[in-house]
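First comes the structure, then the notes that go with it.
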Amino acid sequence: QVQLVESGGGLVQAGDSLRLSCEFSGGTASSYDMGWFRKAPGKEREFVAGIRWTGDATMYRDSVKGRFTISRDNAKNTMSLQMNSLKVADTAVYYCAARLKMLLDLRLYYNSWGRGTQVTVSS
């Protein structure tokens, strides 16, 4: 079974940067689309960014465009989320997600999840 483990979360100040990492195992990374979701206190889980199995297509929610960059290294079975110019509103538990590759919206149909890593942005 696919297993995902996030790392890299922490406490930072607004305007700082942070890089999250996700380790993939239990399958061939190049067979899966991957993405990042987050859940803030009192809010529903929301899509943050997604990346196609080849790495040649990405998608971001509007609020992080220009600040976050998703990438992957299939040879190393890893995926990353570079977060710059962090805002207090980015505070959440961030989850790594995966789905078997498909030609559909990268925001949808993820069925494998990591346990999350906390990102806290203070003012």
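The values are calculated or read from the model by the stated rules, or taken from the named source; none is laboratory data. It should be emphasised that the depicted structure is a prediction, and the values quoted were computed from it without experimental measurement. Ideal geometry is used to build each Cβ from the backbone, glycine not excepted, and the neighbour counts take in all protein chains shown. Heads up: the accessible areas ignore ligands, DNA and RNA and are worked out on the full protein's heavy atoms, side chains in. Shrake-Rupley method; radii C 1.70, N 1.55, O 1.52, S 1.80 Å.
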* Asked: Under the Karplus relation 6.51 cos²θ - 1.76 cosθ + 1.60, θ = phi - 60°, what is the ordered set of whole-Hz ³J(HN,Hα) values for the range 93-108, x standing for Gly and Pro?
  -> 8, 9, 10, 7, 9, 9, 8, 4, 4, 7, 8, 9, 3, 5, 7, 10
* Give me the distance between the Cα centres of the range 51-123 and the range 7-28, rounded to whole Å. => 9
* Structure fact -> Averaged per residue, the 1.4 Å probe accessible area of the chain, protein heavy atoms only, in Å², is roughly 53
* Of the chymotrypsin sites (Phe, Trp or Tyr not before Pro) in the range 60-123, those whose Cβ has at most 10 other Cβ within 10 Å and which sit in DSSP loop -> none
* Asked: Could you name the lysines in cross-link range of Lys65, using Cα to Cα under 20 Å and dropping any fewer than eight places away on the same chain?
  -> Lys39, Lys87
* Give the relative contact order (percent, whole number) for the range 38-123; include only Cα pairs under 8 Å separated by 6+ residues. => 28
* What aspartates and glutamates sit close enough to Lys43 to cross-link, taking a C-alpha to C-alpha distance under 20 Å and skipping anything fewer than 8 places away on the same chain? -> Asp62, Asp90
* Asked: How do Leu103, Leu108, Leu18, Leu81 rank by accessible surface area computed with a 1.4 Å probe, from largest to smallest?
  -> Leu103, Leu108, Leu18, Leu81
* To do: Please check the chain for the longest run free of trypsin sites (Lys or Arg not before Pro) that are loop-located per DSSP (anything but H, G, I, E, B) and have at most 13 other Cβ atoms within 10 Å.
  => 66-114
* Asked: What lysines sit close enough to Lys76 to cross-link, taking a C-alpha to C-alpha distance under 23 Å and skipping anything fewer than 8 places away on the same chain?
  -> Lys101
* Asked: Taking the convex hull of the alpha carbon atoms in the range 31-80, what volume per residue do you get, in Å³?
  -> 85
* Structure fact -> In the range 1-83, taking the dipole from +1 charges on Lys and Arg beta carbons and -1 charges on Asp and Glu beta carbons about the Cα centre, the listed residue (Ile51, Ser25, Phe37) farthest towards the positive end is Phe37
* What size of dipole, in debye to the nearest 20, comes out for the chain about its Cα centre when the only charges are +1 on Lys and Arg C-beta atoms and -1 on Asp and Glu C-beta atoms? -> 120
